[in-house]
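Read-outs throughout are calculated quantities, based only on the coordinates presented, and are distinct from any laboratory measurement. As the structure is a prediction and not an experimental result, all values here were calculated from the model. Glycine gets a Cβ as well: all are built from the backbone with ideal geometry, and neighbour counts include every protein chain shown.
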Amino acid sequence: MSTSEQHTPDAPGDHVWVDVQNSPDFVELRRRLRSFVFPMAGLFLAWYVAYVLLADYAHGFMSTKVVGNINVGLILGLLQFVSTFVITTLYVRHANKNLDPLAEKLRNELEGGQA
C-alpha cells in the first residue's frame, strides 16, 4: 500500500483480521504469550529493583568481599546480565514449543494454506 492510499476501517478484507483476532486459536496464542511474558517481566523487574535498593541502602552487604577485590555487589551486578540471557533462552524455548506452532497454524489459515 502506498503512503497516498487511505485505509478505511470498513475496507473489504478487514473482517478477516477481526475474525482471526476473535478466533479461539488467537485468544489462546495471546494467553500463552502473556502467561510467560508478564510473570517473567515482573520477576526481572523485582530482581532489578532489589539490586538497585541493595546498592543504595545496603552498602555494608554489597561491599562484602567474596574473593580478593570481588564483592557481593559486583557479583549481583554481573548476575543481572546472566539473568537477561537466561530469560532470553527460556523465552526462545517457550516460543518454539508453545507459541510458534499455533502462530504457524494461524498464518497458514490466514494465507489460505500457502506456506
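Can you give the FRET efficiency for residue 104 and residue 55, using 1/(1 + (r/R0)^6), R0 = 41 Å, r = Cβ-Cβ distance, to the nearest 0.05? Given R0 = 41 Å and the Cβ-Cβ separation, E is 0.40. Once Rg and the Kirkwood radius are both taken over the C-alpha atoms of the chain, their ratio Rg/Rh works out to 1.24. Available extension along the chain between residue 95 and residue 65 is 6.8 nm, counting 0.36 nm per residue and deducting the alpha carbon span. Taking a ≥ b ≥ c as the square roots of the eigenvalues of the alpha carbon gyration tensor, segment 47-93 is oblate, as a/c is not under 1.5 and a/b does not beat b/c.
Taken about its Cα centre, the chain carries a charge dipole of about 800 debye when Lys and Arg each add +1 at the Cβ and Asp and Glu each add -1 at the Cβ. Amide H to amide H, with H built 1.01 Å from N, residue 71 comes under 5 Å of 66, counting only residues 5 or more places away or on other chains.
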